[in-house]
Amino acid sequence: MASYDSIIIGAGHNGLVCAAYLARSGQRVLVLEAADEPGGLGADREFHPGFHTPIAHSVSHFSQKIANDLKLTAHGLGAAKPVPTVGLNTTGAHIILQEGSLSGAGTDDTRAYREYSRLMLRFADVLKPFWQKTMPRIGMNNFSDLATFAHIGINLRRIGKKDMQEFLRVASLPVRDLMDEYFDNDILKTTLGWDGLIGAKLAPRSPNSAVLAMLYRLAGESRGAHTIPVGGVNGLIDALSKSAMASGAEIRCSAEVGHILIDGNADGLTAKGVRLANGDTVTADRVISAADPQRTFLDLVGVEYLDIGFTNRIRRLRCDGYVAKLHLALDSAPEFEGLQQANGRMIIAPDLDAIEFAFDHSKYGECPDSPVMEIVVPSINEPSVAPDGKHVLSAHVMYVPYQLKGGWNPTARDRVCERTIDTIARYAPGIREQIVHQEFLTPADLERQYRVTGGHWHHTEFAMDQMLMMRPTYEAAQYRTPIPGLFLCAAGCHPGGDITGQAGHNAAHEILR
Amino acid sequence: MNETDPYAGERLKKSPFYLRQEVLNIRNAWAAWNGYKFAEYYYDTEYEYFCVRNTCGTYDICPMQKYEIQGRDAEVMLNRMVTRDVTKIGLNRVAYCVWCTDDGRMIDDGTIFKLASDKFMLTCGSPCTAWLEKSAFGFADVTVTDVTDEIAALSLQGPTSCAVLKKMGLDGIDTAKPFDIMHFPFHGDTLMVSRTGFSGDLGYELWISPTVALDLWDQLYDAGENFGIQPYGEAATNMTRLEAAFIMPFMEFNEALRTVNFEHDQTPFELNLGWLVDFDKPHFSGRRALLEEQKRGPKYTLTKLDIEGNKPAEGSYIYKDKRCTREIGYVTSAMWSPSVKANIALAMIKTEHLEGELWAEIYYEKELRQYNRVVRCTRKQKPFWAPARARATPPPDF
């Protein structure tokens, strides 16, 4: 008899959510994590003694249903208030979005924002059932699949002809077209457009999925506003781990999986367990991978167990990350020109062209001259992440290519790090003098340290051809894979990346069906 | 580039045997195959056909695609690509194989030569580089090299073929069993001989470096002088292979990667090649789809037909009744077989109707007037032409 009902590879938040649901249903669950603590990209990182931040520094749309189901509050998750989103301006004329209201823009923009937000939230609601369900498999017309389609159809009909037409028009619009249509203020445009672009190989002028990505993020309870949970993102990870363990799941850290064991005989293939990097084997009735699809199939399974067409679709997934991470340990609170407190999610992108130019460099394997970024100072909301009176600044720096022309080396990394700090200094002039320690992680560093292909946050590009029933690719888009007993449960699956727990939830639901 | 010829890059390549074939191609009947200048026939199709059936003939297979697959993972890679169990191919043995898409639709057929535990040669009718590259992706140690232009290959088919090779001095060639490979020293090089072919009769395929290709031709033709050796082209090949009931790309099957319309390609089961699909193998590309196909049964089945009368049923529809009210299939290849003395055809017929009556509606022309007739077809289980000598070892001397 196998030692476990389910082995989950990777204790990222999706792995933990999936583990918690399966354990609650009575399964014997083992979560194997290569790092020495759970969390994946949400795990705590002490980048300088006493200074902590995870890679993913805020939470945008973690599912309330999951929080309730898994009793996360009882397991220590504190109530987190949404933080404002701030579009920084060197002049101090910032744009501030908080609890659905806009300040800092002109009268016309403020009026336009009301209509924009009404429409976007409406559209986000249309798509909501998509994110929460297993996607229908094309050609399989069973009742629940048809019901999912019907649900979307009904939602679309309900918003009325005019809005429906508008929805179809804007769904694949470039961010720039959408923003130019509504607003004049450059900072407002970049701030609103940011959530369509973050983590993707897309810029304001790219058509494809930016608007869909925005709608995905607006569908959450906080309507697009980010939160920093009590205890930071790690507070959420802690609560998830505790919930999973309370239900009987075992979480084993420092246990890197080397291979997924595939059993083959005249009946075909089945996943029967894993072999750890240290040579130990653990058997289970099923293996659920929270690793990214390329890592799962190409490295952990091996192509010899996969069909050739399928393998090549996995191979062709776009997994190059474009987000680098800057961590600054500061000896005092950073002071941004014209901002009382740096307690929000701050975006540095003077106009849409600045984003586009930064992207242009990265397309050709170069680093941007003037990086654009999103900054959070987690220590303001959660002082425990830094020593008394000290602060942590965490920045997602966009359009730093995974594949740098000529390859990554310390000099190249230092250069883009300094450029990033220079850029921040234009908004917070005293920042350089406050730095106690700095750390810059390129996508290549993230890949190596966090075992995620391309250092890609979302495991693979969140783009129309890799979404919904094509995520990561057909035949693996319903959390099941072509190999019986092998499942996927993380960002490389529908609905996609960000700390939502949705993929882990949907996978568990599918496994228990 | 040749500056005096603006079309140099577009011109057909000449096979290493071209210089001899050019002389013999009395009718200048050239066609093209994979970019090579290639004989449709040399003098007369029927004449060449009768040589293959009664004495022997040579058929230039230089244009056939040849790939060398080498490395520690070569066997695993091929075993996952083709439906047959490659681990069962012995050293210096050849196996006929097919490979399919994930959906179990046939991409191509070909032969795999096992030359060493880590070295194979794959031959097939159409270029397969892209699929091989995809198939090799992800394996640590396997290289795929297109050696089409590096190997000159000549097929020698017919009842006197073994005698010719013996006369040429290939001692022991008569001990080669069907699908065996033997090697012989030849002009400082190595001549590889496989007992394989596309005629359904006794025959061999000769593989040699292009540098000594003409020497091989000359020695073969010297040895074959009193054994009726003649070159034959594509047209005669098509006759012999139809008698042997071998399938031909773009006649019996459409390569799946080149097919646009849904299921206008075929599965191995539809082509009667289920025997090549080894479900004892835990995995190969297309296995899941083919297993379902096997359970469900193929939509069509390639069927050997003996047709009344003597008018070839080319392009005919097959009907369930003489009144032609219910169409159930179509003829893929048809001819009057001079050796079998029968009007033969291969046809794709809807599997569910195989057991009932089969009628072919044949259109034919007589002195510029069109006629048609509806005639009864009888299913044949065995190839139309399968002489015992094709399988006998040693083969009988002629």
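Every number here is computed from the coordinates shown, using simple stated rules; none is lab data. Everything numeric here is computed off the predicted structure, so don't read it as measured data. Heads up, the Cβs are rebuilt from the backbone with ideal geometry, glycines too, and the neighbour counts pull from every protein chain shown.
Using all alpha carbons of the range B:299-379, what is the percent of pairwise distances in each 10 Å bin, ordered from the shortest bin to the longest?
21, 54, 22, 3
When the Kirkwood hydrodynamic radius is evaluated over all pairs of different C-alpha atoms of the range A:290-386, what value in angstrom, to one decimal, is obtained? Write down the numbers at each step before the final one.
Details: mean 1/r = 0.0576 Å⁻¹.
Evaluated on the range A:290-386, it is 17.4 Å.
Is there a pair in A:Lys71/A:Lys242; A:Lys128/A:Lys161; B:Lys295/B:Lys322 whose C-alpha atoms are over 21 Å apart, and which pairs would that be?
Details: A:Lys71/A:Lys242 10 Å; A:Lys128/A:Lys161 19 Å; B:Lys295/B:Lys322 32 Å.
Beyond 21 Å: B:Lys295/B:Lys322.
Ranking B:Phe50, A:Phe487 by Cβ neighbours within 10 Å, fewest first, what do you get?
Details: B:Phe50 20, A:Phe487 26.
So the residues, fewest neighbours to most, are B:Phe50, A:Phe487.
Provide Rg and Dmax in Å for chain B, with only Cα atoms included in the calculation.
Both quantities, over Cα of chain B: 21.6, 66 Å.
Over the Cα atoms, compute the radius of gyration (one decimal) and Dmax (the largest Cα-Cα distance, rounded to a whole number) for the range B:154-300, in Å.
Computed over the Cα atoms of the range B:154-300, radius of gyration and Dmax are 19.5, 55 Å.
Taking every residue in B:284-293, how many Cβ atoms of other protein chains lie within 10 Å of its Cβ, on average?
Details: counts 3, 7, 3, 4, 7, 1, 0, 2, 0, 0.
Rounded to a whole number, the mean comes out at 3.
Where does chain B land at 222 nm, in deg cm²/dmol rounded to the nearest 500, when only DSSP H runs of n ≥ 4 count, each adding -39500 (n - 2.57), divided by all residues?
On the way: 8 runs with 72 residues, N = 398.
About -5000 deg cm²/dmol.
Please report, to two decimal places, log10 I(q)/I(0) for chain A at q = 0.08, 0.10, 0.11 Å⁻¹ as given by the Debye formula with identical point scatterers on the Cα atoms and no solvent.
Once normalised to I(0) and log-transformed, intensities are -0.47, -0.75, -0.92.
What aspartates and glutamates sit close enough to A:Lys189 to cross-link, taking a C-alpha to C-alpha distance under 15 Å and skipping anything fewer than 8 places away on the same chain?
Cross-link targets: A:Asp108, A:Asp109, A:Glu115, A:Asp177, A:Asp180, A:Glu181, A:Asp351, A:Asp353, A:Glu356, A:Glu374.
How crowded by other chains is A:307-316, given as the mean number of beta carbons from other chains within 10 Å of each beta carbon? Write out the running numbers ahead of the final one.
Numbers: counts 13, 18, 9, 2, 7, 8, 1, 2, 3, 0.
That works out to 6 on average.
Against the longest principal axis of chain A, how steep is helix A:352-363, in degrees 0 to 90 to the nearest 10, with axes from Cα atoms?
For helix A:352-363, the angle is close to 50 degrees.
Going by how many other Cβ atoms sit within 10 Å of their own, how do B:Trp99, B:Trp30 line up, fewest first? Each step should come with its number before you reach the end.
On the way: B:Trp99 28, B:Trp30 16.
In order of increasing Cβ crowding within 10 Å: B:Trp30, B:Trp99.
Of the candidates B:Ser161, B:Ser117, B:Ser194, which one comes out as most mobile in a Gaussian network treatment of chain B with C-alpha springs shorter than 10 Å?
Of B:Ser161, B:Ser117, B:Ser194, the Gaussian network model singles out B:Ser117 as fluctuating most.
Hey, what do the phi angles of the range A:181-192 turn into as Karplus ³J(HN,Hα) couplings, whole Hz, using 6.51/-1.76/1.60 and θ = phi - 60°, x for Gly and Pro?
For the range A:181-192, the Karplus curve yields 5, 9, 10, 9, 5, 4, 5, 4, 4, 5, 5, 6 Hz.
Considering every Cα-Cα pair within the range A:125-174, what fraction, in whole percent, is farther apart than 16 Å? Walk me through the numbers before you get to the answer.
On the way: 571 of 1225 pairs.
Above the 16 Å cut-off, the range A:125-174 has 47 percent of its Cα pairs.
Compare B:Glu150, B:Glu263, B:Glu75 in a GNM of chain B, Cα atoms joined below 10 Å, and give the one with the largest fluctuation.
Its mean-square fluctuation being the largest, the pick is B:Glu263.
Near B:Lys66, which lysines are there with a Cα under 27 Å away, not counting those fewer than 8 places off in the same chain?
B:Lys13, B:Lys14, B:Lys37, B:Lys88, B:Lys114, B:Lys119, B:Lys134, B:Lys166, B:Lys177, B:Lys281
I want to verify a result. In a Gaussian network model of chain B, Cα cutoff 10 Å, which of these has the top mean-square fluctuation: B:Pro338, B:Pro387, B:Pro185?
Highest fluctuation among the options: B:Pro185.
Taking the number of other C-beta atoms within 10 Å as the exposure measure, put B:Lys14, A:Lys272 in order starting with the fewest. Mind dumping the intermediate values first?
Numbers: B:Lys14 14, A:Lys272 21.
Arranged by neighbour count, lowest to highest, B:Lys14, A:Lys272 become B:Lys14, A:Lys272.
Tally Lys and Arg at +1 and Asp and Glu at -1 over the other residues with C-beta under 15 Å from the C-beta of B:Asp44: what net charge comes out? Before the final figure, lay out the partial values.
Values: positive: B:Arg27, B:Arg53; negative: B:Glu40, B:Glu46, B:Glu48, B:Glu234.
Taking every Cβ under 15 Å from that of B:Asp44, the sum is -2.
By what distance, in whole Å, do the Cα atoms of the range B:65-149 stretch along each of the three principal axes, largest value first?
30, 26, 24
With the cut-off at 21 Å, report for the range A:384-513 the share of all Cα pairs above it, as a whole percent.
Details: 4738 of 8385 pairs.
Across the range A:384-513, Cα pairs with separations above 21 Å total 57 percent.
Pop out the Kirkwood hydrodynamic radius of the range A:107-218 from its pairwise C-alpha distances, inverse of mean 1/r, in Å to one decimal.
Values: mean 1/r = 0.0664 Å⁻¹.
Taking the inverse mean of 1/r over all distinct Cα pairs, the range A:107-218 comes out at 15.1 Å.
Can you list the lysines whose alpha carbon sits under 21 Å from that of B:Lys320, skipping same-chain ones fewer than 8 residues off?
Qualifying lysines at Cα under 21 Å: B:Lys299, B:Lys304, B:Lys311, B:Lys350, B:Lys380.
For n ≥ 4 DSSP H runs only, could you compute -39500 (n - 2.57) per run for chain A, divide by its residues and tell me the 222 nm figure to the nearest 500? The partial results should precede the final answer.
Values: 16 runs with 178 residues, N = 513.
Mean residue ellipticity, 222 nm, calculated: -10500 deg cm²/dmol.
Under a Cβ-Cβ limit of 4.7 Å, which cysteines in chain A have nobody to pair with?
A:Cys253, A:Cys319, A:Cys367, A:Cys417, A:Cys493
Using Cα centres only, tell me the gap between the range B:152-200 and the range A:211-280 in whole Å.
Cα centres, the range B:152-200 to the range A:211-280: 61 Å.
Using all Cα-Cα distances in the protein assembly as shown, what percent lands in each 10 angstrom bin from 0 up to the longest?
2, 11, 17, 18, 15, 12, 11, 8, 4, 1, 0
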